[in-house]
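Let me begin by presenting the structure, written as structure tokens, before commenting on it.
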């Protein structure tokens with residue numbers, strides 16, 4: 001439970017391979033592999049930003065809260 005990254009799911013939805021995402025984001029392959037294998041991995045805001053730009057999405061779409069926040073806090 002906690003914060004989960006949806007990088008792998010969004011990359012797959014966009015038809016982007018891990019190799020292509022590494023190239024476009026300039027994020028190290030080891031870091032991206034860690035994120036793919038462990039969606040609860042801790043990442044820097046810089047890494048999150050690079051991945052968001054490479055995937056052409058808002059960075060907030062790469063993050064999921066589990067369990068979701070109560071409606072009153074959204």
Can you work out which of the residues in the stretch 17-29 that are under 14 Å from the mean Cα position of the chain (by Cα) and over 13 Å from residue 52 (Cα atoms) is surrounded by the most Cβ atoms within 10 Å (Cβ to Cβ)?
18
Where residues in the stretch 30-40 are touching a strand residue (DSSP E or B) at 6+ places or on another chain (Cβ under 7 Å) and either at pLDDT below 95 or loosely packed, with under 15 Cβ neighbours inside 10 Å (or both), which of them is nearest to residue 3 (Cα to Cα)?
40
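Only residues that are surrounded by 13 or more Cβ atoms within 10 Å (Cβ to Cβ) and out of contact with any strand residue (DSSP E or B) (no Cβ under 9 Å at 6 or more places or on another chain): list them for the stretch 42-52, please.
First, pick out the residues of the stretch 42-52 that are surrounded by 13 or more Cβ atoms within 10 Å (Cβ to Cβ): 43, 47-52.
Once the filter is applied, which keeps residues that are surrounded by 13 or more Cβ atoms within 10 Å (Cβ to Cβ) and out of contact with any strand residue (DSSP E or B) (no Cβ under 9 Å at 6 or more places or on another chain), the stretch 42-52 yields 47, 49, 50, 52.
The values are calculated or read from the model by the stated rules, or taken from the named source; none is laboratory data. A quick note: this is a predicted structure, and the numbers were derived from the prediction, not measured. As a convention, Cβ positions derive from the backbone with ideal geometry for all residues, glycine included, and neighbour counts pool all protein chains shown.
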